[in-house]
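Here is the structure we will look at.
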Amino acid sequence: MNEGAASCVTDQDWTPALSTDAEVSARALGVRLSQELSSLEPVGAGNPRPLFVTRGLRVLSEPQIIKEQHLKLRVAGDDNRPFEAIWWRGVEEMEQPPAVNQRLDLAYELEANRWNGDIKLQLNVKDLKSGSTV
């Protein structure tokens, strides 16, 4: 049985993969997109939140570690518009937090937080891939 499996399974089969729904540019991220996504609700087991990827985001400031397990980031695209990103339990997933000015590809769910009449977008990170520094 092992010999049969060895002939069919490649190294790539052992590499974890995350399937995203769409690639979104940093310029396209905004309240309007969040409002359009709300028309897909309710979300749940049969209707999961869409998972997006945005490539080449730049880390704007030192990442914060919250409660020794969550990683909070401020990132921006080429237009320098900042976004808050949080990776719940992300500290245990990373060897070390990303550095300021480092480029990242983020896989995330988009969430709109409403507070005192303001709407603030938050990227709920599911995974990230580090790139080069600027």
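The values are calculated or read from the model by the stated rules, or taken from the named source; none is laboratory data. Not measured: the values here are computed from a predicted model. Cβ: placed from backbone, ideal geometry, glycine included. Neighbour counts: every protein chain shown. These accessible areas exclude ligands, DNA and RNA; they are computed on the full protein's heavy atoms, side chains included. Shrake-Rupley method; radii C 1.70, N 1.55, O 1.52, S 1.80 Å.
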(request) Check Arg32, Arg89 and return the single one that is open to solvent by 50 Å² or more (accessible area, probe 1.4 Å), more than 17 Å from Gly131 (Cα to Cα) and part of a helix (DSSP H, G or I). (result) Arg32
(request) Determine whether the range 38-48 contains at least one residue that is under 12 Å from the mean Cα position of the chain (by Cα) and either on the phi < 0 side of the Ramachandran plot or open to solvent by 50 Å² or more (accessible area, probe 1.4 Å) (or both). (result) no
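Mind listing whichever residues of the range 63-83 are charged (D, E, K, R) and modelled with pLDDT under 95?
Within the range 63-83, Lys67, Glu68, Asp78, Asp79, Arg81 meet the criteria.
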(message) Pairs needed: first member in the range 21-42, closer than 17 Å to Phe83 by Cα; second member anywhere, assigned to a helix (DSSP H, G or I) and open to solvent by less than 60 Å² (accessible area, probe 1.4 Å); C-beta distance under 9 Å; at least 6 residues apart or different chains.
(response) Val24/Leu33
(request) Would you point out the residue of the range 95-134, among those that are among the acidic types (Asp, Glu) and assigned to a strand (DSSP E or B), that is surrounded by the fewest Cβ atoms within 10 Å (Cβ to Cβ)? (result) Asp118
